[in-house]
Amino acid sequence: IPVFVLAGLLVHCVFLVSIFEIYFSSPLVHGMTPQQTPLPPPAQRLVLFVADGLRADSLYELNSNGTSQAPYLRSILENNGSWGISHTRVPTESRPGHVALIAGFYEDVSAVAKGWKENPVEFDSVFNESKYTWSWGSPDILPMFAKGATGDHVYTYCYSAEREDFGAQDAAKLDMWVFDHVKSFFNSSRSNQTLFSALHEDRVVLFLHLLGIDTNGHAHRPNSREYKENIKKVDEGIKEIVSVIENFYGNDGKTAFILTSDHGMTDWGSHGAGHPSETLTPLIVWGAGVNYPQKVTSQFFEDSFLKEWKLEDLKRLDVNQADIAPLMASLIGVPFPLNSVGTLPLEYLNNSAHFKAESMFTNAVQILEQFKVKMSQKKETTLSFLFTPFKPLSDSEQINFLKRARLYIQQQRYDEAISLCKSLINLALEGLSYYHTYDRLFLGLSIAMGFVGWTTYVILVLIKNHSNLTKTVRTNNKESAVLFYAFASVGMIIAFFLLIQTCPWTYYVYCLLPVPVWYAVVRE
């Protein structure tokens, strides 16, 4: 019985681990070439405000007296910039949300369990591609982008972890800490020539992570006075920081601003799942290179938010959360993050049709590069006669797409070039998913065979030891030997098959597990 129990524990551990191997493996590939729009960008610098845990409805809805909880940001979206909803993905947690915003890809679910402060996988980001990035905020978020950066150009200023008290009476102090330190940073730079010069370089990013709203939401719920007051304080703080930055740069019109959130929050103060209150976050963009508010007479969305928020006459531009990374890269002219799967939201850009077409072409090539690396990796680990390529994007189709898109741009047929690049992006993303899940059926069948075999074995053991349905049969040593060699041969064939394809060691475990299990079943 002890051996039987140990075998059961081992088999179930394999089944449990296989879930992450098959369904939640990292989507990242490495070895791509950075892609950058060849035309000069509209902005020299970008300021990113991330209000952690801010729901879209909490920012956009009006109070009972018709006023906004965030009057400054409301005036921005009505008079100066573009707005919409950023749709996040599960898990709606801070780490994957920030990775999607700043690196442009969606982390696999297992990354959440691997530690908030360390990088389970190395990834590229807008911060890494910038010339300089200065960031202020939580010690749980900022260090992972500094750690993943090449060189020494991403600077972090964090308060102590002890300050993050999720039961605090006034968590807005965390945001006040950020605003105060940003103001003193700019004041001190006037007497520091090295810092002053660095701040006046191009491709500069300033990142303000505002954790107070999230903390107050956990402690008091999103409909509480504390949560709403925190939104008001963040609105006032952003207004002050924008004024400080514009004055510092002499209102040169070269600064772009983005306000968004990493995730929302349920009415009972939690997040992590896929409820709309958790996945719908605000996005307001204004400044250099950004479209002004676009008046419309009608627009259709399946929800009724526009009417509720009294924003029916202003064009709403929804995006996926990962689309914000290429938007930031395009505004300040840095290479798109290598692992980004975001599609540049062109309607946010106030630029020439030529710039938009070139940016879209860069976006398409950047995602296509990932597809090519992924395909190459899978081709190397699959026998040629068994390899099934992604037919819609064969080598000849890739060349055809790129040639036609480049020709359209040269002929100034920019709309056609943009449309073609979007089609290429969609196909490349489909292809990435195809190769990422290429072995899923094969591994799933192996695990299923092992599971069915183990269940059958358990049933046979129970019948044998706890019922009178069995009768004693004299064993034949010759038959037992033949049976053993037959299953051993099958195991060797499977192992050889995996070896010549240079499969990872876990594949050996999943594929060889059914062999001893079914051998035991047949013996019983």
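The values are calculated or read from the model by the stated rules, or taken from the named source; none is laboratory data. Quantities reported herein were computed from a predicted structural model and do not represent experimental measurements. For neighbour counting, all protein chains shown are included, and Cβ atoms are generated from backbone atoms with ideal geometry for every residue, glycine included. Heads up: the accessible areas ignore ligands, DNA and RNA and are worked out on the full protein's heavy atoms, side chains in. Shrake-Rupley method; radii C 1.70, N 1.55, O 1.52, S 1.80 Å.
Modelled spin labels at L16 and T502, positioned 7 Å past Cα toward Cβ, are 3.3 nm from each other. Scaling against 2.2 N^0.38 Å puts the C-alpha radius of gyration of the range 311-437 at 1.16. Could you pull out the longest piece of the chain with no exposed loop trypsin sites (Lys or Arg not before Pro) in it, calling a site exposed if DSSP puts it outside H, G, I, E, B and it has at most 11 other Cβ atoms within 10 Å? Between the exposed loop sites, the longest stretch runs 191-470. Based on Cα contacts under 8 Å between residues 6+ apart, the range 41-350 shows a relative contact order of 37 percent.
Using only alpha-carbon positions in the range 197-326, the gyration tensor eigenvalues give semi-axes of 28, 22, 14 Å once each is multiplied by 5 and square-rooted (largest first).
Relative to the longest principal axis of the Cα atoms of the chain, the long axis of helix 440-466 lies at roughly 50 degrees. Exceedance of the 19 Å cut-off in Cα-Cα distance is limited, within the set K239/K356; K183/K239; K183/K233; K173/K232; K131/K183, to K239/K356; K131/K183. With all pairs of separate Cα atoms included, the range 7-67 yields a Kirkwood hydrodynamic radius of 18.7 Å. Summarising the label geometry, the points placed 7 Å from Cα in the beta-carbon direction at I399 and D313 lie 5.5 nm from one another.
The angle between the Cα long axis of helix 94-103 and the longest principal axis of the Cα atoms of the chain comes to about 70 degrees, rounded to the nearest 10.
In a simple Cβ point-charge model (Lys, Arg +1; Asp, Glu -1; nothing else charged), the chain has a dipole of about 1340 debye relative to its Cα centre. Considering only L142, P38, F497, and ranking their Cα positions along the charge dipole of the chain that arises from unit charges at the beta-carbon of Lys, Arg, Asp and Glu, the one farthest toward the positive end is F497. For the range 296-361, chymotrypsin sites (Phe, Trp or Tyr not before Pro) are listed when DSSP marks them as loop and at most 16 other Cβ atoms sit within 10 Å of their Cβ; the list is F300, F301. Against the chain, whose longest principal axis comes from its Cα atoms, helix 225-248 is set at around 60 degrees.
Return the Rg/Rh value of the chain, two decimal places, where both radii are evaluated on C-alpha atoms and Rh is the Kirkwood radius. Result: Rg/Rh = 1.07. All C-alpha to C-alpha distances of the range 41-350, sorted into 10 Å bins beginning at zero, yield P(r) values of 6, 29, 39, 22, 4, 0 percent in whole numbers. Working note: Karplus 6.51/-1.76/1.60 with θ = phi - 60° gives the range 137-144 the couplings x, 6, x, 7, 10, 4, x, 5 Hz, where Gly and Pro are set to x.
Overall, the accessible surface of the chain at a probe of 1.4 angstrom is composed of carbon and sulfur to the extent of 57 percent. For an R0 of 35 angstrom, estimate the FRET efficiency from the Cβ-Cβ distance between A486 and V509 and round to the nearest 0.05. The computed FRET efficiency comes out at 0.95.
Neighbours of W134 by Cβ distance under 14 Å: Lys/Arg scored +1, Asp/Glu scored -1, total +2. Each Lys and Arg contributes +1 and each Asp and Glu -1, all at the Cβ; summed about the Cα centre of the range 41-350, the dipole is approximately 560 debye. Based on protein heavy atoms only, the range 140-277 ends up with 43 Å² per residue of surface accessible to a 1.4 Å probe. Full extension of the chain between T470 and A353 gives 34.1 nm of extra length, using 0.36 nm per residue less the Cα-Cα distance. Each of F387 and I463 was given a label point 7 Å from its Cα along the Cα-to-Cβ line. The distance between the two points is 4.6 nm.
Pairwise Cα distances in the range 390-524 exceed 25 Å in 56 percent of cases.
The calculated FRET efficiency for the pair N63 and L441, based on their C-beta separation and a Förster distance of 51 Å, comes to about 0.45.
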